[in-house]
1. Report the net charge of residues surrounding GLY125, where surrounding means a beta-carbon distance below 14 angstrom and charges are Lys +1, Arg +1, Asp -1, Glu -1.
2. Report for region 109-255 the percent antiparallel among DSSP-assigned beta bridges with both residues inside it, nearest 5.
3. Can you pull the one-decimal nm distance between simple spin-label points at ASN135 and ALA67, each 7 Å off the Cα toward Cβ?
4. Report VAL16's accessible area, 1.4 Å probe, all protein chains in place, as a number in Å² to the nearest 10.
5. Want the number for ARG104 to GLN127: 0.36 nm per residue separation, take away the alpha-carbon distance, what's left?
6. By how many nm would the segment from ASP217 to GLU151 grow when fully extended, if each residue of separation counts as 0.36 nm and the alpha-carbon distance is taken off?
7. Which of the helices in the chain meet the span-like rule: DSSP H, Cα axial reach of 15 Å or more, Kyte-Doolittle mean at least -1.0?
8. Considering the alpha-carbon set of region 1-67 alone, what are its Rg and its Dmax in angstrom?
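The values are calculated or read from the model by the stated rules, or taken from the named source; none is laboratory data. Remember, it's a predicted structure, so these values are computed and weren't measured experimentally. With ideal geometry, Cβ positions are generated from the backbone for all residues, glycine too; neighbour counts draw on all protein chains shown. SASA here: full protein model, heavy atoms, side chains in, ligands and nucleic acids out. Shrake-Rupley method; radii C 1.70, N 1.55, O 1.52, S 1.80 Å.
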Amino acid sequence: MRTALLQSSGRPGSVVENLKVLDEAAGRAAAAGAGLVAAPEMFLTGYAIGDDIARLAEPADGDWADAIAEIATRHGVAVAYGYPEREGETVYNSAQLISADGTRLANYRKTHLFGCFERDHFTPGEQLVVQADLNGLRVGLMICYDVEFPENVRAHALAGTDLLVVPTAQMHPFQFVAESVVPVRAFENQMYVAYVNRVGPEGEFEFVGLSTLAGPDGIARTRAGRGEELVLADADPDFLAASREANPYLKDRRPGLYGSLV
């Protein structure tokens with residue numbers, strides 16, 4: 001499945017403008033043959049927007065989800081995106097996957113919040129593995145800091161995730177995560193990892209870009225630079241099956257030895 005990564009911080013604070021950016025990117029992705037376009041963490045509203053996070057937060061099935069479903073349907077491409085999700089008085093840092101026919105396939109709430117900023121504005125999610133089947137691949141969702149915990153990605157591997165989509169707000173000076181950690185996660189868990197980042201200054205943060213789709217061989221199929229761009233690469237199920245046969249990490253595990261880890 002050709003996968004498009006929209007590396008952009010959009011227009012922080014303006015959902016309307018961010019929907020326009022996503023719409024334009026979805027059109028370009030579909031024209032290039034993509035089956036999925038992924039946008040960064042908190043793309044829909046902006047990340048460093050303070051108390052506007054709570055003001056702009058909406059339910060997973062709210063008006064924004066309907067607007068994105070319309071974009072997906074019109075362009076014939078699935079969409080994964082980050083947004084602030086409201087459930088009653090609780091706000092989560094979430095990512096949602098909507099199919100090319102507008103169906104809401106999966107919604108994930110970030111389980112590992114990074115730093116005081118996120119802990120002040122969000123409640124952590126409690127469901128570690130969220131997946132959906134899309135175009136012959138089992139797609140999992142995760143958000144930014146989550147991928148830095150090897151247990152998280154291994155849980156997805158054990159659950160059969162083929163392509164892990166990770167909307168991200170990766171900031172300076174942690175660019176080594178995009179450059180080194182993500183390809184290693186893909187290799188050690190024998191999956192594709194799509195890591196799609198924000199870019200440029202926003203509030204107190206400087207987002208580093210470097211979005212990538214890493215393969216199960218640990219090699220980046222595409223990598224963005226430090227500016228706004230749309231990059232594409234393929235997640236190939238045949239290559240994935242061959243790689244898993246050649247690199248049997250999951251088969252060679254000895255879970256009985258790992259009890260002390262938890």
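1. Its environment carries a net charge of -2.
2. Restricted to region 109-255, the bridges split so that about 60 percent are antiparallel.
3. 2.5 nm
4. 100 Å²
5. That works out to 6.6 nm of additional length.
6. 21.8 nm
7. 15-31, 63-75
8. 12.6, 39
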